[in-house]
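Chemist: Take this structure, written in structure tokens, and hold onto it; I'll ask about it next.
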Amino acid sequence: MFQFDLSLEPLTYQELQAELEVLKGLRKNQIKYSCISDVLHAFVFIGLYFSHFLGGYSVLVAVAISTVFAIILATVTRKTLQLGDRIAIAAIALGTTIATGIILNIMLNEESIGSLVAGLTAGSIVIVGATLGRRIKQVMVAIEEFKPIAEDDHARQELMALCRKHPKLDDYRELAVQNLRPHLTYGELSAMRAWSSHQALSNGS
């Protein structure tokens with residue numbers, strides 16, 4: 001994923017647009033894979049319903065359980081998955097599989113085979129949501145960071161305050177202007193904010 005590096009010369013407008021197009025292409029592919037996954041999972045549930053292994057209400061229950069956990073994992077996991085994160089995802093997916101199977105088989109009196117397949121499908125939805133859904137979220141956030149702060153008064157004031165405090169950041173801003181980019185992006189502002197915080201910690205130590 002693209003990261004703004006303040007130690008390098010600011011991107012020109014054309015370079016910025018080129019990086020943005022790469023991210024948009026990545027988003028398009030990820031959404032395509034997500035749609036394919038959704039269709040495959042939907043076919044499984046439709047097959048269970050029309051084969052009379054599951055009732056309509058049971059299908060909705062299985063979809064609801066898996067979707068809730070998939071959304072939660074897609075939104076709360078960190079940018080880089082650590083071993084503990086992967087173990088947690090696997091455990092939640094397994095728990096979703098077991099819980100879905102038990103609810104359908106015991107509480108809703110569905111057949112064992114239908115409950116088992118529905119449980120496995122629910123676990124698969126959780127895993128896809130925690131991985132592919134998380135990647136889509138990251139790309140969407142990255143695309144937002146390419147937006148200029150031109151019309152955001154609060155962001156512009158914060159930027160100018162950082163530049164007044166740190167000449168290095170002001171030099172970066174001046175170089176961006178020379179590269180025909182009078183307004184920096186939200187990503188560059190975030191990088192400046194992080195750089196300023198790091199400097200403060202370094203000076204404090």
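Chemist: Right, L23: crowded, with 17+ Cβ neighbours inside 10 Å, assigned to a helix (DSSP H, G or I) and assigned by TED's automatic domain parsing to the domain that holds L132 or not?
Modeler: On the way: crowded, with 17+ Cβ neighbours inside 10 Å: yes; assigned to a helix (DSSP H, G or I): yes; assigned by TED's automatic domain parsing to the domain that holds L132: yes.
Spelling it out, L23 is indeed crowded, with 17+ Cβ neighbours inside 10 Å, assigned to a helix (DSSP H, G or I) and assigned by TED's automatic domain parsing to the domain that holds L132.
Results for (1) of a type in the set (S, T, N, Q); (2) without any contact (Cβ under 8 Å) to a residue 60 or more places away in the chain; (3) buried (at least 16 other Cβ atoms within 10 Å of the Cβ); (4) not assigned by TED's automatic domain parsing to the domain that holds L54, shown as yes or no for each residue.
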{"site": "I98", "(1), (2), (3), (4)": "no, yes, no, no"}
{"site": "I102", "(1), (2), (3), (4)": "no, yes, no, no"}
{"site": "S112", "(1), (2), (3), (4)": "yes, yes, no, no"}
{"site": "G119", "(1), (2), (3), (4)": "no, yes, yes, no"}
{"site": "I127", "(1), (2), (3), (4)": "no, yes, yes, no"}
{"site": "Q138", "(1), (2), (3), (4)": "yes, no, yes, no"}
{"site": "P167", "(1), (2), (3), (4)": "no, yes, no, yes"}
{"site": "M192", "(1), (2), (3), (4)": "no, no, yes, yes"}
{"site": "Q199", "(1), (2), (3), (4)": "yes, yes, no, yes"}
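Chemist: Further, regarding this structure: Condition test on A155, is it of a type outside the set (S, T, N, Q), in the same structural domain as A200 (by TED's automatic domain parsing) and out of contact with any Pro (no Cβ under 8 Å at 6 or more places or on another chain)? So that I can check it myself, show each step before the final result.
Modeler: On the way: of a type outside the set (S, T, N, Q): yes; in the same structural domain as A200 (by TED's automatic domain parsing): yes; out of contact with any Pro (no Cβ under 8 Å at 6 or more places or on another chain): yes.
For A155, the condition - of a type outside the set (S, T, N, Q), in the same structural domain as A200 (by TED's automatic domain parsing) and out of contact with any Pro (no Cβ under 8 Å at 6 or more places or on another chain) - is met.
Chemist: Consider A142 carefully, then state whether it is within 22 Å of E15 (Cβ to Cβ) and either assigned to a helix (DSSP H, G or I) or of a type outside the set (A, V, I, L, M) (or both).
Modeler: Numbers: within 22 Å of E15 (Cβ to Cβ): yes; either assigned to a helix (DSSP H, G or I) or of a type outside the set (A, V, I, L, M) (or both): yes.
Taking the combined requirement at face value, the residue satisfies it.
Chemist: In this structure, is L175 touching a residue at least 24 places away in the same chain (Cβ under 8 Å) and in a helix (DSSP H, G or I)?
Modeler: Values: touching a residue at least 24 places away in the same chain (Cβ under 8 Å): yes; in a helix (DSSP H, G or I): yes.
Considered against the rule, which asks whether it is touching a residue at least 24 places away in the same chain (Cβ under 8 Å) and in a helix (DSSP H, G or I), L175 comes out as yes.
Chemist: Sort through V128, V139 and tell me the only one that's closer than 29 Å to V59 by Cβ and at pLDDT below 95. Before you say what the answer is, go through the steps one by one.
Modeler: On the way: V139 fails: closer than 29 Å to V59 by Cβ.
Every option except V128 fails the conditions.
Chemist: Which condition number does R86 fail, the rest of (1) in a helix (DSSP H, G or I); (2) surrounded by 14 or more Cβ atoms within 10 Å (Cβ to Cβ) being met?
Modeler: With (1) in a helix (DSSP H, G or I); (2) surrounded by 14 or more Cβ atoms within 10 Å (Cβ to Cβ) applied to R86, the lone miss is (2).
Chemist: Select from segment 43-83 the residues that are surrounded by fewer than 14 Cβ atoms within 10 Å (Cβ to Cβ), assigned to a helix (DSSP H, G or I) and either within 25 Å of the chain's Cα centre (by Cα) or among the aromatic types (F, W, Y) (or both) and list them in ascending order.
Modeler: Passing the criteria: F43, F50, Y57, A64, V68, T75, V76, L83.
Chemist: Name the one entry in S7, S34 that is surrounded by 12 or more Cβ atoms within 10 Å (Cβ to Cβ) and modelled with pLDDT under 95.
Modeler: On the way: S7 fails: surrounded by 12 or more Cβ atoms within 10 Å (Cβ to Cβ).
Only one candidate qualifies: S34.
The values are calculated or read from the model by the stated rules, or taken from the named source; none is laboratory data. Keep in mind it's a predicted model, so treat the numbers as computed, not measured. A quick note on method: Cβ atoms are made from the backbone with ideal geometry, for glycine too, and the neighbour counts reach across all protein chains shown.
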